[in-house]
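Here is the structure we will look at, set down as structure tokens.
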Amino acid sequence: MYQALFVFLLVGLSALSTAVELTFEMKTEKVSCFHEQINKSSKFTFEYQVVSGGQYDIDVTVTGPDNTRLYHKERQQYDSIHETAAVSGVYTACFSNAFSTFAHKTIYFDWIRDNEPDNFVATHHSALTQLEASMMNIHDRLKVIVDYQTHFRLRESVGRDTAESTNTRVMYWSLGEAAILIIVSVAEVRRDVREGERERESPSGVDVQTSLHAREFKRINFADHNV
């Protein structure tokens, strides 16, 4: 009996709020919009984060059913908003990568809305029992745990992408240093080879004869000076 009541309470509490999570890839110079039906006076939370790509920045705009701009930021990596729907209708969130000409982006966003927060309590004409209050507490804590897990996964993904990018840059830098070292070594070897060929091509006999004439000239000058 308690197990059935436990399941019933969890299902009833889960209906109080709905969440939409999505991770998608966005190409260059593109705009992607997502829509969500929200009732009047319902509270909703919209948060996003650029997981990978370029400088980790994106333009984001959130508008209401009457095209009222609720949120607009440019070149943001992550952010979140908490609003209460003024009117019922379709709310729109648009991501723009129009400013980027070569970098694709991977974007995560989470749209959480509360349908009727007091519906579960309103159906009870008496105070909540201890079990029902415990179920509501567990439900709230589970939502917090799921939210933390999502943020940890996002941080891990961003860190992994940064590490892979750094590893790629280090590899290219090492290849460049190796190429420069090889080029310098080949140039040094060729220079030494050319110098050796020049020494072999020079007439050694002429050099010896020139040295003997120089010594004889010095000896005669020395004798004349003594006289």
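The values are calculated or read from the model by the stated rules, or taken from the named source; none is laboratory data. Note that the coordinates shown come from a computational prediction; the quantities given were computed from them, not determined experimentally. Every residue, glycine as well, gets a Cβ built from its backbone with ideal geometry; the counts of neighbours run over all protein chains shown. Only protein heavy atoms, including side chains, enter the accessible area calculation; ligands, DNA and RNA are left aside. Shrake-Rupley method; radii C 1.70, N 1.55, O 1.52, S 1.80 Å.
General observations
- Count - residues of segment 52-61 that are surrounded by fewer than 21 Cβ atoms within 10 Å (Cβ to Cβ) and in a strand (DSSP E or B): 3
- Close Cβ contacts (under 9 Å, 6 or more residues apart or on different chains) running from residues in segment 19-40 that are at positive phi to residues that are of a type in the set (Ser, Thr, Tyr) comprise Glu29/Ser100; Glu29/Thr101.
- Residue check, His125 open to solvent by 50 Å² or more (accessible area, probe 1.4 Å) and at pLDDT below 80: yes
- Selected residue (only one of Phe34, Phe99 is closer than 24 Å to Tyr148 by Cβ and either open to solvent by less than 30 Å² (accessible area, probe 1.4 Å) or aromatic (Phe, Trp, Tyr) (or both)): Phe34
- Listed by first and then second residue, the pairs with beta-carbon distance under 6 Å, at least 6 apart or on different chains, first residue in segment 78-99 and in a strand (DSSP E or B), second of a type in the set (Gly, Ala, Ser) and open to solvent by 20 Å² or more (accessible area, probe 1.4 Å), are Phe95/Ser32.
- Taking the criterion of being more than 19 Å from Trp111 (Cβ to Cβ) and among the basic types (Lys, Arg), the residues of segment 138-168 that qualify are Arg141, Arg155, Arg160.
- Scanning segment 4-46 for residues being touching a Pro at 6+ places or on another chain (Cβ under 9 Å) and modelled with pLDDT under 85 gives a total of 2.
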